[in-house]
Each structure stands twice: as structure tokens, then as C-alpha cells.
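*Asks:* Before I ask anything, here is the structure I am working with.
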Amino acid sequence: MTASTTPASARSVLTSGLASPKPIFDWFFAVAVLAVLAVGIRAIYFTPVEVLQGAAQKIYYLHVPAALSAYLSLSITALMSVVYLWLHDERADRLAESSGEVALVFLSAVLTTGPLWAKPIWGAWWTWDARLTLTLFLWFLTAGYLVLRGAIDDGAMRARYSAVLGILAALLIPFIHLSVYLFRTLHPMPILLKPSRPSMPNDMLITFLSFFGSCLLLCIALVRARYRYGVTRDALRLVESEGAGS
């Protein structure tokens, strides 16, 4: 959206970000990182080793929370995309973009920790298992979403097209979760996200929930930081376009 079509209220909000910049050090982000490190230490040194899988099972405490954080981020992207298509609010588009980038980070963590866990258990780094394949496809959709945002210069067109792709990507999440029920798969069945009681001892359950909480904090902190960057970036673009038009 050009300066001539940007509402005055939106311009004032954007330029206020340049007038009063946020401090470089982000306490919320620092707390989130420290929480992840603290729970990681608990998982490695103070959580019992699983009998059948051994120490490799401890990757679970990062692998699953990273996946849930990615799903949450993509859900925010889809929701904000719907809001943008309905209200044409640039703030919703900016939040969708921010959540999409964070989702790609967590999906990359999932696809990295998964093979590290699979090698000692399955004897192979990768198999074209239904859940693994769908997760990889979701990674490509999310990466494509971000590539699309960088390939279109017109702001309104970029927001519309990427909103559609963001919604379609999020629709894949339920199929990933249900894939272990719909197909014959090497991937283990859920031990927490299932109708019956979680199949995990209390010590392991506390570690998992703590890791999930810390990953959730990190997810929010990253989205928050990325959104603030987006506000500053758009404000600079607006100032440059107004300067070029004067």
C-alpha cells in the first residue's frame, strides 16, 4: 500500500514507532530463552531415562513442544489472514507474516530433532512416513508463504495472496495430527494428545509440560519481536515513499 492510500491513522501509528523506538534488550525474550535453557537442563540431567528408547527419548521434550508451537504460530497466521481478508487491516497482515516466520523456525526444529531421534530408534534418519512427509510438505508451504511475501511488490496484492496460502497451510495441521490414525505409520501414536489418560510418568509429564510452556513463551517472544520489527520496517518504507513523492 502506497503512502497516498495509507490512512492517516495508520501512518501515525507506524511513524510513532520511529519516534519512540523500543529498547534493544527485550526482557520478555530473555526470560523465554532462560526458561528453555532451564527446562533443557532438567530434561537432560534430572528427568529419568526411558527404559526402551534410552537417552534418545529425551529429544521428545523438545520435538513435540516445537511442533505444537509451530502449529500455534501457523494457526495465528491463518486467523490473522482471515481477519485481513475481512477487514483489510494491515496490522493483521503484519502479525500473520510475523507468525509465519516463527512457524518456519519451529518447523525447522521439528524436522531437525525428528531424524536425530529416529536414527537410534528406527535405524534410519528419514522414512517417507505419512506424518513425516506431511510435516515436510507443511514446511515447504510455510517457506513458500514467506517467499511469496517477498516476491510481490504491491502491498495489498501481497497480503491477499499470502493470506490465502497461509490459510491453506494451516488446514494441513489436523491431517498431520490424524495421520497416525489414518495410515499405517512408523511414527508412534500420541501419548499425551489423546482421549484417554496420558501414557507418561509424572516426572516426564512435568518436564514435558514445562518444556511446552517455555517453548510457548519463546514463540510469543519471537512473534512479538518480529511484529515490532515489521512496524519499524513499514514505517521506514512509508517515510521513504513520502520523501520520494514530495
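The values are calculated or read from the model by the stated rules, or taken from the named source; none is laboratory data. Everything numeric here is computed off the predicted structure, so don't read it as measured data. We place every Cβ from the backbone using ideal geometry, glycine too, and count neighbours over all the protein chains shown. The protein model used for the area step is the full one, side chains on, heavy atoms only, and it has no ligands, DNA or RNA in it. Shrake-Rupley method; radii C 1.70, N 1.55, O 1.52, S 1.80 Å.
*Asks:* Among the residues of the stretch 150-167, which ones are open to solvent by 20 Å² or more (accessible area, probe 1.4 Å) and in a helix (DSSP H, G or I)?
*Replies:* Result: Gly150, Ala151, Ala156, Met157, Arg158, Arg160, Tyr161, Val164, Leu165, Ile167.
*Asks:* Ok, one more. It is to be established whether one or more residues within the stretch 174-185 are at pLDDT 95 or above, crowded, with 16+ Cβ neighbours inside 10 Å and farther than 17 Å from Arg233 by Cβ.
*Replies:* no
*Asks:* For the stretch 112-128, does any single residue satisfy the condition of being within 20 Å of Ile76 (Cα to Cα) and buried (at least 16 other Cβ atoms within 10 Å of the Cβ)?
*Replies:* The answer is no; no qualifying residue exists.
*Asks:* Can you name every residue in the stretch 99-129 that is in contact with a Lys or Arg (Cβ under 6 Å, 6 or more places away or on another chain) and touching a residue at least 24 places away in the same chain (Cβ under 8 Å)?
*Replies:* Glu101
*Asks:* Is there any pair with a first residue in the stretch 130-159 that is within 30 Å of Leu238 (Cβ to Cβ) and a second that is of a type in the set (Asp, Glu) and modelled with pLDDT under 95 whose Cβ atoms are under 8 Å apart and which are 6 or more apart or on different chains, and what are they?
*Replies:* Gly155/Glu90; Ala159/Glu90
*Asks:* Now, a different point. Which ones in the stretch 51-78 are open to solvent by 50 Å² or more (accessible area, probe 1.4 Å) and in contact (Cβ under 8 Å) with a residue 60 or more places away in the chain?
*Replies:* Result: Gln53, Leu62, Leu72, Ser75, Ile76.
*Asks:* I've got another one for you. Do we find a residue being touching a His at 6+ places or on another chain (Cβ under 9 Å) and open to solvent by less than 20 Å² (accessible area, probe 1.4 Å) anywhere in the stretch 94-102?
*Replies:* No, the conditions are met nowhere in the stretch 94-102.
*Asks:* Within the stretch 73-96, can you find the residues that are within 16 Å of Val223 (Cβ to Cβ) and acidic (Asp, Glu)?
*Replies:* Selection gives Asp93 alone.
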